[in-house]
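Structure, as structure tokens:
Just so you know, all these numbers are worked out from the coordinates, no wet-lab data involved. Worth saying up front: this structure is predicted, and the values here are computed from it rather than measured. Every residue, glycine as well, gets a Cβ built from its backbone with ideal geometry; the counts of neighbours run over all protein chains shown.
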Amino acid sequence: MIILPFLYFSLLSFGLYRRRKQLDVTILITLMFAICGAFSVLVDLYDLRYPDFKSYSISPWAAFFYCGLITLNLLPFIKYSNLSIRNIRPVRNGFVLKALAVISFLWFFIVVIVSFPFLLMVLTSDIAELRHDVYTQDTISYMEFLPAVVRLPLAILNLTFGCYWVFIFLAFYSYFIQKLPFKYFILFIFASLSGPWNGILGVDRGKTVFWLISLSANYLLFLPYMTKKVKKKMMYIMSVFVGLAIVYIFMVTVARFGDRTYGHDVSDDVSGTEGGIISYLGQNFIYFCYYFDNFDSPLKTPAIILPFTYKYILGDEMVSAVVIQDYITSKTGVFTGVFSTYLGQILVCAGHLLMLLFCIMYTFMSLIVINIIKKKKATLLSLLIYMTLLSVIYLGLFTHYYTSAETTFSIMVFLLLAKIMGSKKIAYG
């Protein structure tokens, strides 16, 4: 069973590419799941599972649901590829888009200034020890040292701009659809670096990995609108940012895992860094299947799906994935702090039934949005909803991205701004 996701998603990627003759976002997603499937094979080959999961044998039933539910969620986007989205309307109120680019850039610039001493501290400290402090919540935020007159407005902006992948989306939209000067593309891209920046402050690779995936997905979304000359320009700019991101990811991986040994049989041949990379990329299938076969959540809270509603409307403090998982681990004794995809994390926190209902509702909503785009010309709002839905899957490779109230609030703010900006009613030939 361990090889099934690699074979299935590889064949699906090949079939889609053969049909489309070029890459789209769905092929990027299936390729990522295929790659992770290959690393899952390596996890078992080198005996890199966590101790509590070593004796587990993956069932055909769990493997079927893993591949089937991901495919179900992808199906609307497979049937209507982003390559089919043409004649996207520019916004009616371009001033708001320009103002958003400037404000978001200035916000990130201020964040860089006030948090720079903490960045230096992270880069000159023992990263493995700092990461341990993060896990035990024995850390201090740079926000705690700011005067109230600065901290309050900055906290509001941090909340508003917390979903950083949207800035990448707006960068491409402003340049290729709205036809704004290139400087606005740069302003939005720099604002999007708030994700990796906060990741560095938290000694976290995940935010940087999510940034790289988001950059790739949005590049493919707007690729049909690029000339050959512009494609080369974009590839040059992207290569600079991607190169820096990869260097950071490698640096953190070496610092955290370089001194470790993986000590059984053939795994003696795997270095700490290699083992850390294999374990990082190969967890999702194995641990989803384990939880699917063996785990019954004692909590079953929809807060993992509706974090903003539960935290700010219902006043429930047990909202974020980490808080819920810590509670469940303390109640059951089963370690839940592993990567098991967006499906596995929802399963652990909300149970099998809610996970299945989530998948069904997600697919239904995707079909509605795609039908709107097919009947009408795509607007900033409909395209942003389209990518928000897709991001659940491509940012759900390891965990469910939208588990915090802050991220959910931020995406709702961006959707509201997109609605306010409206769209031009242009007749296309």
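Computed values, structure above
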item	result
Cα-Cα over 32 Å, subset of LYS183/LYS377; LYS311/LYS424; LYS98/LYS232	LYS311/LYS424
Local net charge near SER404, Cβ-Cβ under 15 Å (Lys/Arg +1, Asp/Glu -1)	-3
Using θ = phi - 60° and Karplus 6.51 cos²θ - 1.76 cosθ + 1.60, couplings along the stretch 148-163 (whole Hz; Gly, Pro as x)	4, 5, 9, 5, 5, x, 5, 5, 5, 5, 4, 5, 5, 9, x, 8
The stretch 87-257 - percent relative contact order, Cα under 8 Å, separation 6 or more	29
Eligible lysines near LYS331 by straight Cα distance, threshold 17 Å, same-chain separation 8 or greater	LYS300
The chain, relative contact order [Cα under 8 Å, separation at least 6], %	25
Cα centroid of the stretch 146-169 to Cα centroid of the stretch 6-23, whole Å	39
Neighbour net charge for SER13 - beta-carbon separation under 15 angstrom, K R +1, D E -1	+3
Mean ellipticity per residue at 222 nm, deg cm²/dmol - from DSSP H runs of n ≥ 4 across the chain, formula -39500 (n - 2.57)	-22500 deg cm²/dmol
Whole-Hz ³J(HN,Hα) from phi, Karplus 6.51 cos²θ - 1.76 cosθ + 1.60, for the stretch 400-411, glycine and proline x	7, 5, 9, 9, 9, 5, 5, 5, 5, 4, 4, 5
